[in-house]
Amino acid sequence: VDIEAATCTPSRECSMEHIFLECPCSRGIYSQRELDEHAFQQLTSFQGCPELLRGTPLRAVMQHQGAIFKTNIGTRDTYQLSKVTEGPLSGFISHNWSVAWRRKFLCLALHYNFLIAAIAGYGALMLVGFLTYQGIMPSVDMDPRPPRCYIGILKIGAFLHHSEEMLVCYTDVYLTKLWTIFELGCFLCVNKHQRLTVIPTAVPSMLFVGLITAYMTEIALLLTKYIFVWVEFVGWIGCLYSMGRCFCDMEKEKVAMRKTLSTFTIRESLCSIEADRPLVYHCIGALLRGTHRVPENATEDMVLDAFDRMIQSELPGKFSECLKILGTKSRHIAIGCSFATLPRSMDDLVLVHLGMPFSFWLEKIFCLKVAQTLISFPLALLILRATASLVIDAKPVKKHVFLLFASACSSVVGKTSNVALRFLSTLPLDPWIGRLIYYPTISVLILVIWSIIHLNGLPVFLSRLTAASTRWRGSCGRRA
């Protein structure tokens with residue numbers, strides 16, 4: 001919403017008094033409380049100006065690889081990309097103009113398009129698998145008018161109030177900018193039930209590089225006809241090393257975020273146009289008075305101090321919940337792992353065409369590959385993530401050597417779990433007894449590993465497990 005308004009400055013036609021205090025019944029004497037309530041209503045609603053509630057379709061934001069994020073100078077063409085809408089907006093994108101536009105585009109692609117791309121990829125994978133099974137496929141050994149734009153900036157709280165989600169493209173400069181901090185303050189004050197999603201800009205690159213590396217490793221194994229088994233081990237190390245570097249950067253940003261928030265003060269935040277600072281302070285005062293966080297007669301210093309306390313107390317918990325242990329949502333990791341390994345099992349469908357029973361392929365090849373995908377690689381990532389925090393302050397050479405060693409160790413653990421799963425699937429037992437041992441075991445392992453990923457770490461998982469067992473024992477005692 002602020003694409004075309006970032007360079008606008010106040011004008012006499014659009015002063016604070018005009019924006020906040022002009023109302024249909026402006027004649028007469030009103031108390032400070034009534035004026036504060038009116039200012040809060042103006043900040044958090046589109047009453048009297050419904051045409052300002054405009055949204056830009058996602059396809060327009062994403063076209064040309066997010067080229068709209070290249071510059072903050074708005075034009076009539078960028079303004080016409082948005083349309084007046086009556087319903088709630090699906091999302092509010094919060095970002096810094098100083099961050100490279102391609103990094104923000106990758107964050108948006110990961111958040112909005114990854115699931116659609118996965119569905120398309122799975123469809124293509126199933127089609128190729130069916131053609132292979134049939135023996136058909138060959139087999140291989142904005143308008144820049146200052147007053148209008150200025151009012152649009154003041155309606156950030158209203159846009160957030162009418163949005164279902166706030167997406168933050170996070171970098172180390174995000175918490176140092178005045179406008180992005182103001183957006184977070186509006187989020188904390190206006191919409192308690194809104195979803196907050198935080199994506200560090202390094203995560204999409206990590207995920208895509210890791211996915212491509214793992215996929216190229218599978219292709220190299222096919223081309224070498226599995227003669228050079230070490231190729232897979234080297235590929236695992238390369239994939240995990242790229243992710244380990246991202247984990248180090250994420251941990252470093254997390255430490256810096258805690259430090260920044262613990263000593264945060266909005267008076268030291270940066271703003272490219274200092275003339276905007278009094279306006280933002282005035283909006284903050286209206287927000288805090290409207291939500292009864294400060295008394296009606298609070299001075300500007302009291303308002304800013306209360307805002308600092310709100311950011312310091314409420315924002316760390318929100319960010320900790322949103323910053324996932326592996327940098328992104330668990331479904332993104334699961335889909336990435338599956339696309340890196342499942343194509344090989346689809347290639348093995350040609351064996352069914354050559355005489356292998358389909359039930360044998362389904363149980364001994366496909367299900368085994370799914371188990372290895374959902375256990376081995378996530379387990380290696382968790383081990384690597386746990387060790388990444390040990391070298392965030394180390395010298396570059398020492399850090400890279402340690403990450404290579406940790407990647408090699410994680411690869412060994414992953415490959416060992418692969419061998420253990422394969423051994424478990426080939427136990428010389430009666431088929432039904434073997435199934436009764438094999439499937440519950442891998443189900444429990446998958447549940448534990450992905451619960452740790454979903455709950456952001458082993459300590460949280462253990463605490464939840466302990467609380468659940470305590471509740472279960474208490475219910476059993478009451479029944480007895």
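The values are calculated or read from the model by the stated rules, or taken from the named source; none is laboratory data. Predicted, not measured: the structure shown is a model, and the values here were computed from it. Please note: Cβ atoms are built from the backbone with ideal geometry, for glycine as well, and neighbour counts cover all protein chains shown. Side chains included, ligands, DNA and RNA excluded: accessible areas come from the protein's heavy atoms. Shrake-Rupley method; radii C 1.70, N 1.55, O 1.52, S 1.80 Å.
Details
- Selection status of residue 156, at pLDDT 75 or above, farther than 18 Å from residue 322 by Cα, aliphatic (A, V, I, L, M) and open to solvent by less than 10 Å² (accessible area, probe 1.4 Å): yes
- Restricted to helices (runs of 4 or more DSSP H) entirely inside the stretch 381-480, those with at least 2 residues that are over 24 Å from residue 214 (Cβ atoms), out of contact with any Cys (no Cβ under 9 Å at 6 or more places or on another chain) and at pLDDT below 75 are 431-454, 458-479.
- When 449, 453 are checked against the criterion of being touching a Pro at 6+ places or on another chain (Cβ under 6 Å) and crowded, with 17+ Cβ neighbours inside 10 Å, a single residue qualifies: 449.
- Single condition residue 85 does not satisfy, out of (1) open to solvent by 30 Å² or more (accessible area, probe 1.4 Å); (2) under 21 Å from residue 195 (Cβ atoms); (3) at pLDDT below 80: (3)
- Selection from the stretch 35-81 of residues that are open to solvent by less than 30 Å² (accessible area, probe 1.4 Å) and of a type in the set (Asp, Glu): 36
- The stretch 92-124, subset assigned to a helix (DSSP H, G or I) and over 30 Å from residue 345 (Cα atoms), residue most open to solvent (accessible area, probe 1.4 Å): 102
- Selection of the stretch 403-453 for residues being under 16 Å from residue 377 (Cβ atoms) and in contact with a Ser or Thr (Cβ under 7 Å, 6 or more places away or on another chain) yields 406, 414, 417, 418, 450, 453.
- Filter pass, residue 36 being at pLDDT below 80, touching a helix residue (DSSP H, G or I) at 6+ places or on another chain (Cβ under 6 Å) and farther than 23 Å from residue 201 by Cα: yes
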